[in-house]
Structures are given as C-alpha cells and as structure tokens.
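Colleague: Quick one: this structure, given as structure tokens, is what I'll be asking you about.
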Amino acid sequence: MFSIGEFSRATQLTVKTLRFYHDQGILIPARIDPVSGYRYYDSNSYHRAQQIEQLKNLGFTITEIYRILTDFDDEQELTNLIKEKLIQTQTEINKLKALERNLKQAVSLTAQTEPVSADGEILETDLELPLLAIKEITGRYENLGEAYRNLYTSLGAVIKGKPFALYYDLDHREKDLTMEAAIPIKKEIPVKGVKGITYRQPETIHCIKTEYSGPYGRQGNTYLRLFAFCRERGLQIETPVIEHYIKGPGMILRGNPEKYRTECILKVTAPGQSEH
C-alpha cells in the first residue's frame, strides 16, 4: 500500500485532485484507515488513475469518465464515443487543437496501461554527492529549464558532470513546488550577473536508487518500486527526492526520448533515526 503523498508523486496527480477523484467515485482508495481516515492506494489504483488521465486528456468530463469506467465493457462502444467527440472538436478547432490530435491518435482507445519502464536494480547504498552549484526555485516543474540555462551559462568550464534536481515535496504539485536545479562543479567561482546561485558542499547520504530509461515524466512505476522497497525494509524517506539526469531534461537533447536515462534517488533512514 502507498500513502496519498507517495501515490501523488507516482501518478503526478496532486493530493487535492486525488481527494476530488475519490469524492466523485472514479478513484476509490484501496484502503482507508478507519481511525485516522488516511487514504492508501495499490497498483490497481495506479492503473485506474492512468485510465482516468487518458480519458481526461481526450476531453471527457468527470461525469462521462464515471460512466465509461462504470458502464462500458465493449471496445466498440468506446471507439464510437471517441469518434463523436472528435466531430465535436472539429467545430472548435482553434480552442481545442491539442485535444483533436489526442483524439485522432486514440480512436481505438482501450483501457491500456502505461508502458512498463526499463528500470534497473534497486540499490541501498551510501551515495557521495559532489560539490553542487544550486539555483533555488519555487514554482512549477517547467521552471527548472530556465534555471539550468542560467547555471550552464554562468558556470561554463567548471561544470563537472550531469545535472540533478532536488525536490523538497514528496507529493506531486502543479505549482508552488520547492526545488533546486543543481549542477556538479570542480570548484566554486564568483558568479556575476545571475542572482540566486549558491553552492552545496559535498556530502554523503544513505539512499536507495535505481535507473529509469524513457521519457521524463513517465517514472511512475519506478517510484512505486522504490516506495515498496522502503516499505519492505522499514526505511523512512527523507526529502529532498533527487533525480540525476544522466541523459534527460536539463541538457540540450537530441534523439529518441525512449533512450533518456534518469537515476531516481530516495534519501532514507532506518526507523527512529530520522534527521528531522
């Protein structure tokens, strides 16, 4: 079972959205603690969340999604419904162009699941983080791109290695994220003309980690595996959640996104030994 915060990060749905989906009857938690009221989710919940987001991306309302998930068990019924939606979209082409493309690609939509990512072995280890140049950000995920550009432009020849992102919220959020863009460097240098660049000294953290291969933003299965690993061993997760972009966002990318590589890292402590 996964907490609502863990499930939020894996699905990239906010806690508020998960609660709303519960209230609407389209994504019921696998278990609700009768004493605390805390919601818990499992792998079946994850697949259900994917179905909901696929249908939502095609422009179906919550009411329509409820009906599809509850009443439709015939693929042809769903195909016909999507075709009708496409016709409606064509009358609003300027406003709904992105939706039209999604519908054309999904005429034969079924309850398909997200492709399984190419994950590596999960390791529990001590990891030495290098000297990092840091750009602190409060905002949205897409703000990382500008932060990396500032860092690369300002640091030049002292850069030594691939970029990291440090996320200080375990759950997924659409805005008001607390995060840091970070780039390994050889040494500290004076940075002129760019505000907000600081340095993080080398440190060793105890963590679990694994490598994910595929487009950024599709690491849901990877995080579910990491959270389950922690549960099995009684490990406590500490923030920040760290992603190391071996080949991925934060660099000038070319080629096939399926070949992007991201190391997903969870800082952990044994029960009763939390640093906070």
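The values are calculated or read from the model by the stated rules, or taken from the named source; none is laboratory data. Predicted model only: the values in this text are computed from it and were never measured. Don't worry about glycine lacking a Cβ; one is built from the backbone with ideal geometry, like all the others, and counts go over all protein chains shown. To get the accessible areas, we keep the full protein, side chains included, count just its heavy atoms, and leave off ligands, DNA and RNA. Shrake-Rupley method; radii C 1.70, N 1.55, O 1.52, S 1.80 Å.
Colleague: Which of the residues belonging to the range 178-188 are open to solvent by 10 Å² or more (accessible area, probe 1.4 Å), in contact with a Phe, Trp or Tyr (Cβ under 7 Å, 6 or more places away or on another chain) and farther than 20 Å from ILE4 by Cα?
Modeller: GLU188
Colleague: With respect to GLN54, determine if the residue is touching a helix residue (DSSP H, G or I) at 6+ places or on another chain (Cβ under 8 Å), crowded, with 17+ Cβ neighbours inside 10 Å, under 23 Å from ARG218 (Cα atoms) and not small (Gly, Ala, Ser).
Modeller: It is false that GLN54 is touching a helix residue (DSSP H, G or I) at 6+ places or on another chain (Cβ under 8 Å), crowded, with 17+ Cβ neighbours inside 10 Å, under 23 Å from ARG218 (Cα atoms) and not small (Gly, Ala, Ser).
Colleague: Is it fair to say LYS135 is basic (Lys, Arg), in contact with a Ser or Thr (Cβ under 9 Å, 6 or more places away or on another chain), modelled with pLDDT of 90 or more and open to solvent by 10 Å² or more (accessible area, probe 1.4 Å)?
Modeller: Here the answer is yes, as LYS135 does meet what is asked.
Colleague: Report every pair of residues separated by at least 6 positions or lying on different chains whose Cβ atoms are under 7 Å apart, first residue within the range 34-49 and farther than 20 Å from ARG231 by Cα, second open to solvent by less than 40 Å² (accessible area, probe 1.4 Å).
Modeller: ARG48/LEU27; ALA49/THR11; ALA49/LEU13; ALA49/LEU27
Colleague: Every residue in the range 1-38 that is out of contact with any strand residue (DSSP E or B) (no Cβ under 9 Å at 6 or more places or on another chain), open to solvent by 70 Å² or more (accessible area, probe 1.4 Å) and part of a helix (DSSP H, G or I), please.
Modeller: LYS16, PHE20, ASP23, listed by residue number.
Colleague: Regarding LYS175, is this residue modelled with pLDDT under 90 and open to solvent by 70 Å² or more (accessible area, probe 1.4 Å)?
Modeller: When the stated conditions are applied, LYS175 passes them.
Colleague: If you don't mind, another one. For the range 262-272, indicate whether the set of residues that are surrounded by 15 or more Cβ atoms within 10 Å (Cβ to Cβ), at pLDDT below 90 and in a loop (DSSP other than H, G, I, E, B) is non-empty.
Modeller: Looking for residues that are surrounded by 15 or more Cβ atoms within 10 Å (Cβ to Cβ), at pLDDT below 90 and in a loop (DSSP other than H, G, I, E, B), one finds none in the range 262-272, hence no.
Colleague: Could I ask something else about it? Could you give every pair whose Cβ atoms fall below 9 Å, whose first residue belongs to the range 129-154 and is within 16 Å of ASP176 (Cβ to Cβ) and touching a residue at least 24 places away in the same chain (Cβ under 8 Å), and whose second residue is part of a helix (DSSP H, G or I) and not charged (D, E, K, R), counting only separations of at least 6 or pairs across chains?
Modeller: GLU136/ALA147; ILE137/ASN143; ILE137/LEU144; ILE137/ALA147
Colleague: Is one or more of the residues making up the range 114-121 at pLDDT below 95 and assigned to a strand (DSSP E or B)?
Modeller: Yes, some residue in the range 114-121 is at pLDDT below 95 and assigned to a strand (DSSP E or B).
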